[in-house]
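Chemist: I'd like to ask some things about the structure below.
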Amino acid sequence: MSAPRPTQLVFLGASNLAADPQQAVAAGLAAAQVAADDAEIWMAAGHGRAATVDSRFLLRQRTSLLDCDLWSPLRDRGGAEFALVADLGNDLAYGVAPERMLRGIDELLGRLEGARVSVVAPPVAALERRSRTWLRVVRRAFFPRSPVGFDQLLDRLRVVRDDLGPLVARHHRTTLVHPDPAWYGLDPIHLRRRTRAAAWRAILAPWAPRSSENDV
């Protein structure tokens, strides 16, 4: 008898995922109720990574999540059973219009159709809690070459946040998670170290198995 196929877990994101992938994976395995030995982990992350366009951060070139190398081998392994789409928003700092970014996210979710997916909305509430002066400092620190001014960037993030709900609702077994502002400190983009474990547990809670009558 052949061994059962490993469960395919996919993690897509940028700096928050790259900062502590072990905690995200541990939370995902626990939520999915899958042992590490019974899973295959697929990950595309990295500081500054975007969903729809290639990017460069600190002299390192990164392909977009849409164009990264995992899709073909993942398809050969039968496709994702659980997936995370996190750290959305870098595209906007690179000048991508919200409509184009949303189309790219829709394509990503289409490729993950059939999996149980958690999508993390941009941390707009955390950004709105900070002063305009401090947010401009954060923008210059992380996106010094951004062609988009801060006020325009925040407006575009709000558009993506608001439109993600209807978009995600069109995809079966996909849940939109709004990040808790308490997960962030002075840096309103990156999870605080002490909140990471709790944040990933909350973000990946929708992976938990449900009874068939509630799984619609």
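The values are calculated or read from the model by the stated rules, or taken from the named source; none is laboratory data. Since the model is a prediction, treat every value here as computed from it, not as a measurement. Glycine gets a Cβ as well: all are built from the backbone with ideal geometry, and neighbour counts include every protein chain shown. Each accessible area value is taken on the protein alone, full model and side chains, heavy atoms only, with ligands, DNA and RNA left out. Shrake-Rupley method; radii C 1.70, N 1.55, O 1.52, S 1.80 Å.
Chemist: May I ask you to list the residues in region 194-216 that are open to solvent by 40 Å² or more (accessible area, probe 1.4 Å) and at pLDDT 95 or above?
Modeler: R194, A198, R201, A202, A205
Chemist: Follow-up question, since we're still on this one. Given (1) open to solvent by 40 Å² or more (accessible area, probe 1.4 Å); (2) over 22 Å from W207 (Cβ atoms), identify the lone condition not met by P98.
Modeler: (1)
Chemist: Looking only at region 132-184, which residues are at pLDDT 85 or above, open to solvent by 60 Å² or more (accessible area, probe 1.4 Å) and assigned to a loop (DSSP other than H, G, I, E, B)?
Modeler: Within region 132-184, R170, H172, R173, H178, D180 meet the criteria.
Chemist: Residues that are over 16 Å from P179 (Cα atoms), open to solvent by less than 40 Å² (accessible area, probe 1.4 Å), of a type in the set (A, V, I, L, M, F, W, C) and modelled with pLDDT of 95 or more: does region 114-131 have at least one?
Modeler: yes
Chemist: Here's another thing I want to ask about it. Taking into account only those residues within region 64-95 that are among the charged types (D, E, K, R) and either touching a Ser or Thr at 6+ places or on another chain (Cβ under 8 Å) or touching a residue at least 12 places away in the same chain (Cβ under 8 Å) (or both), which is surrounded by the fewest Cβ atoms within 10 Å (Cβ to Cβ)?
Modeler: Among those that are among the charged types (D, E, K, R) and either touching a Ser or Thr at 6+ places or on another chain (Cβ under 8 Å) or touching a residue at least 12 places away in the same chain (Cβ under 8 Å) (or both), it is D69.
Chemist: Right, another one. Just the residues that are part of a helix (DSSP H, G or I), open to solvent by 50 Å² or more (accessible area, probe 1.4 Å) and in contact (Cβ under 8 Å) with a residue 40 or more places away in the chain, please, taken from region 27-48.
Modeler: The answer is A30, and nothing else.
Chemist: A follow-up question, please. Only residues that are out of contact with any Lys or Arg (no Cβ under 7 Å at 6 or more places or on another chain), outside any strand (DSSP E or B) and at negative phi: list them for region 49-64, please. Walk me through how you get there before you give the answer.
Modeler: From region 49-64, those out of contact with any Lys or Arg (no Cβ under 7 Å at 6 or more places or on another chain) are 50-51, 53, 56-61, 63-64; that's our starting set.
From the residues that got through so far, the ones that are outside any strand (DSSP E or B) too are 50-51, 53, 58-59, 63-64.
Matches in region 49-64: A50, A51, V53, T63, S64.
Chemist: Any residue that is assigned to a loop (DSSP other than H, G, I, E, B) and under 18 Å from the mean Cα position of the chain (by Cα) - is there at least one of those in region 1-12? It would help to see each step written out before you state the result.
Modeler: We begin by selecting, within region 1-12, every residue assigned to a loop (DSSP other than H, G, I, E, B); these are 1-6.
Filter once more, so that each one left must be under 18 Å from the mean Cα position of the chain (by Cα): none.
No, there is no match, as no residue in region 1-12 is assigned to a loop (DSSP other than H, G, I, E, B) and under 18 Å from the mean Cα position of the chain (by Cα).
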